[in-house]
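Read the figures in this text as sums done on the coordinates, not as results from a lab. Everything numeric here is computed off the predicted structure, so don't read it as measured data. Using ideal geometry, Cβ is built from the backbone for each residue, glycine included, and neighbour counts are taken over all protein chains shown.
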Amino acid sequence: MTQKSDELIQAQAELRDFERTVLALRWELENAHAESDARLQKSAVAAKAEAAQFESTIVALREELEETRAEHERAVQQAIAASHNEIQQLKAIIAALRDNLELARNDKENDIERAVNASKAEIAQLHGTICALREQIEALSAKT
């Protein structure tokens, strides 16, 4: 009996050791799960934060792109308006130059016409003088 009792005590002690080992292993496993869950949650939070940062970067870049497009469009519209104004000014200058050229042409034509008329008048006067001088010569020749 003593031997059986010793064996029983030893078996009970071994059983307690096994139970303690199981409890210790269970506790370690639960801690490992908790640590794993904590790391997983931490990773998820970090991933969400990174995704949020990417989203805000995307939004900022999209806004910058839209602003750049709008700025480009404004620059194009300003260039078109400036070109339109320059074209209008050049058209006005061309019209003024044409008018000045036409006036100058008319002045030249009038000057030429006056010169021709003056020449005709002078020629007519000279013809009259020639005729008068001829008549005087003829009158003098007839007296002599």
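Quick look at the numbers
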item: Cα long-axis angle, helix 2-143 against the chain (0 to 90 degrees, to the nearest 10); result: 0
item: Environment charge of E14, counting only residues whose C-beta is closer than 11 Å and scoring Lys/Arg +1, Asp/Glu -1; result: -1
